[in-house]
1. Mind listing just one residue for me: the one in the stretch 84-114 that is within 22 Å of Ser38 (Cα to Cα) and surrounded by 16 or more Cβ atoms within 10 Å (Cβ to Cβ) and, of those, nearest to the chain's Cα centre (by Cα)?
2. Among (1) touching a helix residue (DSSP H, G or I) at 6+ places or on another chain (Cβ under 9 Å); (2) free of Cβ contacts under 8 Å to residues at least 60 places away in the same chain; (3) not β-branched (Val, Ile, Thr), which single condition is Leu22 missing?
3. Could you list, in sequence order, the residues of the stretch 78-135 that are hydroxyl-bearing (Ser, Thr, Tyr) and either out of contact with any strand residue (DSSP E or B) (no Cβ under 8 Å at 6 or more places or on another chain) or part of a loop (DSSP other than H, G, I, E, B) (or both)?
4. Return the residues of the stretch 36-75 that are assigned to a helix (DSSP H, G or I), hydroxyl-bearing (Ser, Thr, Tyr) and in contact (Cβ under 8 Å) with a residue 12 or more places away in the chain; say none if nothing qualifies.
5. Please count how many residues of the stretch 1-21 are of a type in the set (A, V, I, L, M, F, W, C) and more than 16 Å from the chain's Cα centre (by Cα).
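Just so you know, all these numbers are worked out from the coordinates, no wet-lab data involved. Worth saying up front: this structure is predicted, and the values here are computed from it rather than measured. With ideal geometry, Cβ positions are generated from the backbone for all residues, glycine too; neighbour counts draw on all protein chains shown.
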Amino acid sequence: MEALLTTYYDYHWEANERYINLIKQTKTPPERAIFLMSHILNAQQIWLNRISPNGKKVGVWEEHAPDSMANLNMEQYKRAITLLAENDLSEIITYQNTQGQTYTNSIRDILLHIVNHGTYHRGQLALLFRAADIAPPNTDYIFYRRE
């Protein structure tokens, strides 16, 4: 499972990079594109902090400048890969959500959720770019694996 999760994180990083690059290259990105890409990065940071609370604190909807997104994506990728390598993925983590409710999940489930959450919001980004007549990058996992 660790090897599969590592592959998913490689894919997740690459898919994020493709959208970050598109946002940076587009003179006027679609409304909410920066907002959604920032949210993907923020949510990832928040979840990683639930596993290992030594990362920078961010707000769920805090916006980041496009020029800073690639660095954030890389920092979080490296952190996730380290957490994958150094932790028992079946370990149960107790954490509070942003409303203060307490939950428990395994590290494995949290790490898989981060990738799945990013995929969901990249789908929204694809719709925004298509609506603006800008071709979105192909970020389907199977195409990533074929490359």
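1. Among those residues, the one meeting the criterion is Ile114.
2. If we test Leu22 against (1) touching a helix residue (DSSP H, G or I) at 6+ places or on another chain (Cβ under 9 Å); (2) free of Cβ contacts under 8 Å to residues at least 60 places away in the same chain; (3) not β-branched (Val, Ile, Thr), just (2) comes out false.
3. Scanning the stretch 78-135 gives Thr82, Ser90, Thr98, Thr119, Tyr120.
4. Within the stretch 36-75, Ser38 is the sole residue that qualifies.
5. 3
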